[in-house]
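The values are calculated or read from the model by the stated rules, or taken from the named source; none is laboratory data. Computed from a predicted structure; not experimentally measured. Positions of Cβ are generated from backbone atoms using ideal geometry, with glycine treated the same way; all protein chains shown enter the neighbour counts.
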Amino acid sequence: MAPKPRVLGIVLAGGEGKRLWPLTADRAKPAVPFGGNFRLVDFVLSNLVNAGYLRICVLTQYKSHSLDRHITTTWRMSQMLGNYVTPVPAQQRLGPRWYTGSADAILQSLNLVYDDDPEYLVVFGADHVYRMDPSQMVADHIASGAEATVAGIRVPRHEATAFGVIDTDESGHRITRFLEKPADPPAVQDDPNVSYASMGNYVFTTKALIEALKQDAGDENSIHDMGANIIPMFVERGTANVYDFDRNQVPGSEERDKGYWRDVGTLDAYHDAHMDLVSVHPIFNLYNQQWPILSVPPTLPPAKFVENGMALDSMVGPGTIISGATVRRSVLSENVRVSIGASVEGSVIMPGVRIGRNAVVRNAILDKNVVVPDGATVGINLESDRAAYTVTASGITVIGKGVTVAR
């Protein structure tokens, strides 16, 4: 039996997430809560750990305290076996500067690569919602003999203009062009109506990536980005392959959620993904125990419903009390209080929120520790909301961390 290849996981988690403001006003995008119990970074880490990759470096930068704390308190691996998930802030190892791009982040962290001495590097982004078995992509990379492999997801060709798009040769494997948001996206070889969009997930042969990073560092015209600079380098050399995400088989997945991948980088996309979770037949199944999304929930008692309080078509986190109130089509995180006569509908409620008596919250996202006083409303008068808070194009009212809503 051949020995398992030595693989180091590198998660790029320095994203600012401007389009998710105000949820990213006080935290990096990968630290944004999702699905009641999780942070966005938990999805990529769960995929790597479920695949057996137990040595992972998470490269952080922007407002990283919340993310660093979550990783260090939640993702504790077996140190006796040499396993770890560790946050790595920008250390200015190559001079007095922060990371100037995703490629530069890895270049400045090469000491971790040298210490671990892996044969292959799995370099994944930290802010998408999906399930994937990365070991299948690594196996494909090794079998192909490529130096770089890019995960591609099939999207309708008319939608591919919003993505980095992969074009291949006639084999459908070797990448010939890597195009950023092209006006006329090239189709995949076997379907003229579909294009390959880059998922921002890569596998590299370690030696080849180190050489490419050093070459890129000397290019004054480079923005030192993995997608914009490093991958095109391998494409030019003819040593970059695409891995079709549609081929990935995740244990416990069903036809409905096979190939699910969502960029929740806008407030509307973030809200829509949560509304899918509370639908009767969600596309993304959080309850797949064969490939679980891992985290450590807080040590709180179970949710409680008193005085005819109820939650319909909703998810409710531990420590939450719904007292004589009605919650519909909503995701409530832990330690939330919803008081008598209140109504919550179509909303995402984060930890520590307090919703007072007879208050109404509709089609909203409330960040941690928001207070909605007795009788106050959110999402009812959008003009009034827009004057004080963020209201998205689709009419979702978003209130930032720790805000007390005006009566």
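Laid out as a table, the results:
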item: Count of the range 372-387 residues which are over 15 Å from residue 403 (Cβ atoms) and either of a type in the set (Ser, Thr, Tyr) or in contact (Cβ under 8 Å) with a residue 24 or more places away in the chain (or both); result: 2
item: Qualifying residues in the range 218-237 (those that are surrounded by fewer than 16 Cβ atoms within 10 Å (Cβ to Cβ) and touching a residue at least 40 places away in the same chain (Cβ under 8 Å)) - the one nearest to the chain's Cα centre (by Cα); result: 223
item: Selected residue [modelled with pLDDT of 95 or more and not aliphatic (A, V, I, L, M)] from 225, 246, 272; result: 272
item: Single residue of the range 92-115 satisfying the filter (of a type outside the set (Lys, Arg) and farther than 18 Å from residue 225 by Cα) that is surrounded by the most Cβ atoms within 10 Å (Cβ to Cβ); result: 113
item: Cβ pairs under 6 Å, 6+ apart, first in the range 238-258 and closer than 19 Å to residue 291 by Cβ, second loosely packed, with under 14 Cβ neighbours inside 10 Å and hydroxyl-bearing (Ser, Thr, Tyr); result: none
item: Failed condition for residue 249, given (1) more than 20 Å from residue 155 (Cα to Cα); (2) surrounded by fewer than 19 Cβ atoms within 10 Å (Cβ to Cβ); result: (1)
item: Odd one out for residue 118 among (1) in contact with a Leu (Cβ under 9 Å, 6 or more places away or on another chain); (2) in a loop (DSSP other than H, G, I, E, B); (3) under 16 Å from residue 225 (Cα atoms); (4) not polar (S, T, N, Q); result: (3)
item: The listed residue being in contact with a strand residue (DSSP E or B) (Cβ under 6 Å, 6 or more places away or on another chain), polar (S, T, N, Q) and surrounded by fewer than 16 Cβ atoms within 10 Å (Cβ to Cβ), out of 390, 404; result: 404
item: Test for residue 336: is it crowded, with 17+ Cβ neighbours inside 10 Å and either under 19 Å from residue 38 (Cβ atoms) or of a type in the set (D, E, K, R) (or both); result: yes
item: Scan of the range 46-71 for residues that are surrounded by fewer than 14 Cβ atoms within 10 Å (Cβ to Cβ) and either touching a helix residue (DSSP H, G or I) at 6+ places or on another chain (Cβ under 8 Å) or under 26 Å from residue 119 (Cα atoms) (or both), ordered by number; result: 52
item: Enumeration of residues in the range 296-323 that are assigned to a loop (DSSP other than H, G, I, E, B) and surrounded by fewer than 17 Cβ atoms within 10 Å (Cβ to Cβ); result: 296, 297, 298, 299, 300, 301, 302, 307, 308, 313
item: Selection from the range 252-265 of residues that are buried (at least 16 other Cβ atoms within 10 Å of the Cβ) and part of a loop (DSSP other than H, G, I, E, B); result: 253, 257, 259, 260, 264, 265
item: Any hit, the range 113-128, residues being within 25 Å of residue 62 (Cβ to Cβ), in the same structural domain as residue 200 (by TED's automatic domain parsing), among the aromatic types (Phe, Trp, Tyr) and at pLDDT below 95; result: no
item: Inter-residue pairs, beta-carbon under 7 Å, first closer than 10 Å to residue 184 by Cα and in the range 154-165, second of a type in the set (Lys, Arg) and outside any strand (DSSP E or B), 6+ apart; result: 161/181
item: Qualifying residue in the range 36-45 (condition: small (Gly, Ala, Ser), surrounded by fewer than 19 Cβ atoms within 10 Å (Cβ to Cβ) and on the phi > 0 side of the Ramachandran plot); result: no
item: Subset tally (residues that are assigned to a loop (DSSP other than H, G, I, E, B) and small (Gly, Ala, Ser)) for the range 266-295; result: 2
item: Long-range neighbours under 7 Å by Cβ, at least six apart or interchain, first residue touching a residue at least 60 places away in the same chain (Cβ under 8 Å) within the range 44-71, second acidic (Asp, Glu) and outside any helix (DSSP H, G or I); result: 51/133
item: Checking residue 111 against (1) in a helix (DSSP H, G or I); (2) touching a residue at least 24 places away in the same chain (Cβ under 8 Å); (3) among the polar types (S, T, N, Q), the condition it does not meet; result: (2)
item: Residues within the range 170-211 that are in contact (Cβ under 8 Å) with a residue 24 or more places away in the chain and not in a loop (DSSP other than H, G, I, E, B), tallied; result: 24
